[in-house]
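As structure tokens, the structure follows; a few thoughts come after it.
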Amino acid sequence: GTNLYAVYGNGFYSINSAGTRTSRGSLVSSTGYVDMKIGRDQLVIVDGNFGYYYNLTTFVFTQISDPDFTGSARVGYVDGYYLFTEPQSQRFYISANEDASTFSGDDDVQIQGGPDRLIAVLNDHKEAWLFGETTIEVWVDTGNADFPFERNESAFIQNGLMAAFSAQALDNTLF
């Protein structure tokens, strides 16, 4: 069956259709916001400073320990890549394809449209929407060997976002 996943305090839980809650692991922090994104075999959780992944097949919960993971307030998922915004910077970075435990220091890029700091990443219709403080850029997976995502030059918005969790995806639309 399908499970609901939740974080309460520093606990990570799965809740089945009968309402039975099962502890699956613990986060380092116990306050603040978390963001989750589910992929093919992993569910990824970020809380700003730390990241975690839960293997949906083996049911193992693990903190991301790769030194190239630098934290993120939000997580996106496009074409098998988990996307993260580097805190207090203009950079976003990606995991290895379908593997949130592995990162490469070369798999990051700086937003290009404005000098603002990145606040959040959301995905919609296979696009990565990168919300800065004063601008929004849309990036797409072009399959480029150096870095698979490239900016969509025709999708640039000159308004930004100050609160990372005020942007949400709902009903095939970003709000």
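Annotation: amide H-H contacts under 5 Å for ASN97 (H modelled 1.01 Å from N, sequence separation of 5 or more, or interchain): none.
What percent does the relative contact order of region 54-153 come to when contacts are Cα pairs within less than 8 Å and at least six residues apart?
This gives 19 percent for region 54-153.
About its Cα centre, the chain has a charge dipole of approximately 780 debye under the convention of +1 per Lys or Arg Cβ and -1 per Asp or Glu Cβ, with nothing else charged.
In this structure ILE136 has an accessible area near 20 Å², from a 1.4 Å probe over the protein heavy atoms.
Determine the dipole magnitude for region 24-93: charges of +1 sit on the beta-carbon of Lys and Arg, -1 on that of Asp and Glu, nothing else is charged, the reference point is the Cα centre, and the result goes in debye to the nearest 20. Intermediate results must be reported in sequence, preceding the final value.
Details: 5 positive and 7 negative charges, 32 e Å.
With only Lys, Arg, Asp and Glu charged at Cβ, the dipole is about 160 debye.
Seen from TYR33, the other residues with C-beta closer than 12 Å to its C-beta sum to a net charge of -1, counting Lys and Arg as +1 and Asp and Glu as -1. Normalised per residue, the accessible area of the chain is 51 Å², obtained with a 1.4 Å probe and no contribution from ligands, DNA or RNA. Between region 1-39 and region 42-93, the alpha-carbon centres lie 15 Å apart.
The reciprocal of the average 1/r between distinct C-alpha atoms defines the Kirkwood hydrodynamic radius, which for region 12-81 equals 12.8 Å. Using C-alpha pairs below 8 Å separated by at least 6 residues, the relative contact order for region 14-78 is 29 percent. Rg over Rh for the chain works out to 0.96, using Cα positions for both radii and the Kirkwood form for Rh.
Output the relative contact order of the chain, whole-number percent, from Cα pairs under 8 angstrom with separation of 6+ residues.
Taking the mean separation of contacting Cα pairs over the length of the chain, I get 12 percent.
Computed in the context of the full set of protein chains, the accessible area of region 14-114 at 1.4 Å probe radius has 44% of its extent on carbon or sulfur.
The values are calculated or read from the model by the stated rules, or taken from the named source; none is laboratory data. The model shown is predicted, which means the values in this text are computed figures rather than measured ones. Because the Cβ atoms are built from the backbone with ideal geometry, glycine has one as well, and the counts that use them run over all protein chains shown. These accessible areas exclude ligands, DNA and RNA; they are computed on the full protein's heavy atoms, side chains included. Shrake-Rupley method; radii C 1.70, N 1.55, O 1.52, S 1.80 Å.
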